[in-house]
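Presented below is the structure to which this report refers.
The values are calculated or read from the model by the stated rules, or taken from the named source; none is laboratory data. Here the structure is a predicted model, which is why all the values come from computation and not from measurement. We place every Cβ from the backbone using ideal geometry, glycine too, and count neighbours over all the protein chains shown. For the accessible areas, the whole protein counts, side chains as well, though only heavy atoms, and no ligand, DNA or RNA atoms are used. Shrake-Rupley method; radii C 1.70, N 1.55, O 1.52, S 1.80 Å.
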Amino acid sequence: DGTLLTSFISSTGPNSSNFHVQSQVDGAWTDLTESIEITSIESDRVTFFGQQSDDMVATWRSSTGVEVRRWNGAQWLELNPAGVFQGVSVDPAATITSEGVLYVVADAGTDCTAIRVAVHDGSSWSILGDGPHPSIDCPNGSPAVAMIADKLTILGHSGETVWISQWDGSSFTAP
């Protein structure tokens, strides 16, 4: 919607932080939303995505899996995908479609596993297919996710191999 946003984490103690989203109003940065208290974070990164200031998502890796919060225009809703991303080793990424469907991408939490994609339809989570690129062994680092030409697109790498995969509605394929 054209609103200029920034997000950041502030430390509130040895084991807790707050995640903030601010917008620029009349040349000054002001809180756009209430802050999110984070008491369990396994990295220094919170992934933030928003196409509009009234529909945003923040994700991070915690000791119990992936944490997901979605801004509905009035408050941050906790949408943690319980049992989907236990023991993840990479930071999650997220995107929201123009229809409001939320996708979260991370690893499945084992020593060497494919990337897992979960979708939230507004009420529950489900897992898409066998992952965006099941032929890639041991993906490295955090995946990236975006909607490109109305298709869910995942970008990742394994060693020096970079891969891109798109969801066609029933499976992931190379674009």
Checklist entry - Around Ile115, which amide H atoms from residues at least 5 apart in sequence, or from another chain, sit under 5 Å from its own amide H, with H modelled in the peptide plane? => result His133
Checklist entry - For segment 56-100, what % of the accessible area comes from carbon and sulfur atoms, probe 1.4 Å? => result 43
Item to check | 5 angstrom amide H check on Leu152, placed H, neighbours 5+ away | outcome: Trp167
Item to check | Note, ³J(HN,Hα) from phi for segment 93-98, Karplus 6.51, -1.76, 1.60, rounded to Hz, x at Gly and Pro | outcome: 10, 8, 8, 10, 6, 5
Next on the checklist: Suppose each label sits 7 Å from its Cα in the direction of the beta carbon; what would the Thr3-Ser23 distance come out to in nanometres?
Outcome noted: 0.3
Checklist outcome for this item: For 11-20, 143-152, ranked highest to lowest by mean beta-carbon neighbours within 10 Å, the order is 143-152, 11-20
